[in-house]
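Let me begin by presenting the structure, written as structure tokens, before commenting on it.
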Amino acid sequence: MRRLGRDGHGNKYENYKYWKKQRVRQGFSTRDLWNMDNWLCHVIPDALDKLMEIKCGYPAYWDDKGGKEAYEEYVKQIAADIRRANELSNTICDSDNRNYTERMDEANKLIQSAFARLASIIWGLWD
């Protein structure tokens with residue numbers, strides 16, 4: 001059996017084992033970095049959804065903003081916008097480029113807005 005180099009090249013099974021070990025050790029793999037935008041646009045919304053599913057509270061400063069339900073809706077909308085931006089970005093790559101500029105503008109606006117809103121609550125993301 002061929003051993004892997006530091007870059008993870010080898011057969012498919014060896015690569016997955018190598019990338020899995022990297023994820024355990026450092027939280028991500030070199031494969032994740034090859035398409036980091038797509039990886040982040042999957043990991044962040046999935047993590048936000050899971051947090052909303054298992055959380056046992058919400059930040060107290062949301063009491064003035066509508067409480068628990070408003071906080072949950074806010075976080076879920078961030079996740080949805082990140083997914084939508086990623087979907088638009090992937091569609092751009094697959095399309096015949098007729099609406100490239102419009103789709104890219106929409107994707108950029110969505111992702112910038114979602115990350116700005118995420119930054120506004122980053123210290124309140126706990127379960």
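Among residues of the range 74-127 being among the acidic types (Asp, Glu) and modelled with pLDDT under 95, the one that is surrounded by the most Cβ atoms within 10 Å (Cβ to Cβ) is GLU106. Can you find a residue that is loosely packed, with under 12 Cβ neighbours inside 10 Å, free of Cβ contacts under 8 Å to residues at least 60 places away in the same chain, charged (D, E, K, R) and assigned to a helix (DSSP H, G or I) anywhere in the range 38-49? No; the residues of the range 38-49 include none that is loosely packed, with under 12 Cβ neighbours inside 10 Å, free of Cβ contacts under 8 Å to residues at least 60 places away in the same chain, charged (D, E, K, R) and assigned to a helix (DSSP H, G or I).
The values are calculated or read from the model by the stated rules, or taken from the named source; none is laboratory data. Small disclaimer: the values here were computed from a predicted structure and weren't measured. So basically every Cβ, Gly included, is an ideal-geometry build from the backbone, and we count neighbours across all protein chains shown.
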